[in-house]
Amino acid sequence: MMVYLLEGDATVADLLANVGGSRSGLSQHLKEMREIGLIDSRSEGTWRFYFCNSNEARIIVRWLEKLADQGKISQNSFIS
């Protein structure tokens, strides 16, 4: 989920399309991620957009992507 939030703002519907699962489960994860400061959200009309606001999370995800590009880990191990 963080990989998608690093790419730009996303709604719950956007994230569900990319990572699957249930709306309630995803909403719970988003709530927990907001509480610990990994992500934040903004409202536009009836839509809520989520985005990554943690530089530390950006560094970790980019590091994992680099390891996946080098074949040291499976990309599926951190994208799903």
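Please verify whether Arg42 is among the basic types (Lys, Arg) and surrounded by 14 or more Cβ atoms within 10 Å (Cβ to Cβ), treating the condition exactly as stated. No, not satisfied. Taken together, Arg42, Arg34 contain a single residue that is over 14 Å from the mean Cα position of the chain (by Cα) and among the charged types (D, E, K, R), which is Arg42.
Residues are listed down the side, and each one gets a yes or a no for (1) assigned to a loop (DSSP other than H, G, I, E, B); (2) without any contact (Cβ under 8 Å) to a residue 60 or more places away in the chain; (3) open to solvent by 80 Å² or more (accessible area, probe 1.4 Å):
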position	(1), (2), (3)
Leu6	no, yes, no
Asp14	no, yes, no
Asn18	no, yes, yes
Ser27	no, yes, no
Leu30	no, yes, no
Arg34	no, yes, yes
Gly37	yes, yes, no
Phe51	no, yes, no
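The conditions of being among the aliphatic types (A, V, I, L, M), over 12 Å from the mean Cα position of the chain (by Cα) and open to solvent by 60 Å² or more (accessible area, probe 1.4 Å) are not met by Ile73.
The values are calculated or read from the model by the stated rules, or taken from the named source; none is laboratory data. Quick caveat, the model's predicted, so the values are computed rather than measured. Backbone-built Cβ (ideal geometry, glycine too); neighbour counts: all protein chains shown. Each accessible area value is taken on the protein alone, full model and side chains, heavy atoms only, with ligands, DNA and RNA left out. Shrake-Rupley method; radii C 1.70, N 1.55, O 1.52, S 1.80 Å.
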